[in-house]
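I have placed the structure first, in the form of structure tokens, so that the comments after it can refer back to it.
The values are calculated or read from the model by the stated rules, or taken from the named source; none is laboratory data. No experiment lies behind these values; they were computed from the predicted model shown. Note that we place each Cβ from the backbone using ideal geometry, even for glycine, and neighbour counts take in every protein chain shown.
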Amino acid sequence: MSRAALLVLADGRFPAGGHAHSGGAEAAVKAGRITGGVSLEEFCRGRLHTAGLIAASAAAAGVLGADVRELDAALDARTPSPALRVAARKLGRQLTRAARATWPSQELDAVAGEFPKGVHQPVVLGLVARAAGLDALDAAYCAAYESVSGPASAVVRLLSLDPFDATGVLARLAPEVDRVADRAVESARAVLDEGVDALPAASAPLLEIGAQLHAGWAVRLFAS
């Protein structure tokens, strides 16, 4: 197992399309819920413990061999916003494409053929992590970190926030990312015994509402 593969997968320069998405930050900025470093940290903390926990659990379950179709349906049920479901599958397609070129895998080839409209990105992330020789905890860390690093990077562009402040937010959240990753792996192991209903279903209504409003904007910087 190469831990360096985790660095490649979690690197913001990995061509999986995440740079075009703000994780709900653009809508939150326009609504006045993110105005600077302090409110960014509050937003990221809330996202980490809701959408981030769900994504990390699904990714870990994917590594452990949970059924792809069942995981995808479970994430559909946990994503009320049609706009977010579309974005998640688009990101899943882009990640599949990038990963197939990076870590060739028959499993990824099969997913690309069987699901032409894409699979939720966290599910694909689990398969990619396995193809890269990573374990469930690695996948959980990657998903949990993505859930906060994406919005932090977006707010640097949206508000011209000092990058040092955004990085400080991520550093302060690091212990919570640890806890979310550990909890996600526990949930993923439960999925193997109890089915996908064991996945967390933490609710983030403002993210869902914001995503729907954002999708209707005529002009926006980010795709979601």
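A search for C-beta distances below 7 Å between a residue of segment 144-164 that is over 16 Å from Ala174 (Cα atoms) and free of Cβ contacts under 8 Å to residues at least 12 places away in the same chain and any residue that is surrounded by 21 or more Cβ atoms within 10 Å (Cβ to Cβ) and of a type outside the set (Asp, Glu), counting only pairs 6+ apart in sequence or on different chains, returns Val156/Ala166. You will find that of Ala218, Ala110, the residue that is under 23 Å from Arg33 (Cβ atoms) and out of contact with any Leu (no Cβ under 6 Å at 6 or more places or on another chain) is Ala218 and no other. If the condition is being crowded, with 17+ Cβ neighbours inside 10 Å and basic (Lys, Arg), then segment 57-84 contributes only Arg78.
Quick check on this structure: which one of Ala99, Ala110 is under 18 Å from the mean Cα position of the chain (by Cα) and modelled with pLDDT under 95? Explain how you work it out, then say what you get.
On the way: Ala110 fails: under 18 Å from the mean Cα position of the chain (by Cα).
After ruling out the rest, the residue left standing is Ala99.
Scan segment 1-23 and give yes if some residue there is charged (D, E, K, R), in contact with a Phe, Trp or Tyr (Cβ under 6 Å, 6 or more places away or on another chain) and either crowded, with 18+ Cβ neighbours inside 10 Å or at pLDDT below 95 (or both), otherwise no.
Applying the first criterion (charged (D, E, K, R)) to segment 1-23 yields 3, 11, 13.
This time we only want the ones that are in contact with a Phe, Trp or Tyr (Cβ under 6 Å, 6 or more places away or on another chain), so: none.
Within segment 1-23, none of the residues are charged (D, E, K, R), in contact with a Phe, Trp or Tyr (Cβ under 6 Å, 6 or more places away or on another chain) and either crowded, with 18+ Cβ neighbours inside 10 Å or at pLDDT below 95 (or both).
Condition check ((1) buried (at least 21 other Cβ atoms within 10 Å of the Cβ); (2) among the polar types (S, T, N, Q); (3) closer than 25 Å to Arg93 by Cα) across all residues:
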{"site": "Val123", "(1), (2), (3)": "yes, no, yes"}
{"site": "Leu137", "(1), (2), (3)": "no, no, yes"}
{"site": "Ala140", "(1), (2), (3)": "yes, no, yes"}
{"site": "Glu146", "(1), (2), (3)": "yes, no, yes"}
{"site": "Ala152", "(1), (2), (3)": "yes, no, yes"}
{"site": "Leu158", "(1), (2), (3)": "no, no, no"}
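Is it fair to say Glu114 is crowded, with 21+ Cβ neighbours inside 10 Å, among the acidic types (Asp, Glu), under 24 Å from Gly17 (Cβ atoms) and touching a helix residue (DSSP H, G or I) at 6+ places or on another chain (Cβ under 9 Å)?
Numbers: crowded, with 21+ Cβ neighbours inside 10 Å: no; among the acidic types (Asp, Glu): yes; under 24 Å from Gly17 (Cβ atoms): yes; touching a helix residue (DSSP H, G or I) at 6+ places or on another chain (Cβ under 9 Å): yes.
Here the answer is no, as Glu114 does not meet what is asked.
Criterion first (assigned to a loop (DSSP other than H, G, I, E, B) and in contact (Cβ under 8 Å) with a residue 12 or more places away in the chain) does Ser57 satisfy it? Against the criterion (assigned to a loop (DSSP other than H, G, I, E, B) and in contact (Cβ under 8 Å) with a residue 12 or more places away in the chain), Ser57 does not qualify. Mind listing whichever residues of segment 132-142 are touching a Ser or Thr at 6+ places or on another chain (Cβ under 8 Å) and assigned to a helix (DSSP H, G or I)? Listed by number, the list holds a single entry, Ala140. Taking the numbered list (1) touching a His at 6+ places or on another chain (Cβ under 8 Å); (2) farther than 20 Å from Ala202 by Cβ in turn, Val38 passes all entries but (1). With respect to the conditions (1) surrounded by fewer than 19 Cβ atoms within 10 Å (Cβ to Cβ); (2) at pLDDT 95 or above, Ala202 falls short on a single one, namely (2).
Residue-wise test of (1) over 22 Å from Thr79 (Cα atoms); (2) out of contact with any Asp or Glu (no Cβ under 8 Å at 6 or more places or on another chain).
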position: His120; (1), (2): no, no
position: Val124; (1), (2): no, yes
position: Arg130; (1), (2): yes, no
position: Ser147; (1), (2): no, yes
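Being touching a Gly at 6+ places or on another chain (Cβ under 7 Å), crowded, with 16+ Cβ neighbours inside 10 Å and of a type in the set (Ser, Thr, Tyr): is that true of Ser224 here? No, not satisfied. Which ones in segment 1-27 are of a type in the set (Asp, Glu) and under 15 Å from Ala129 (Cβ atoms)? Selection gives Asp11 alone.
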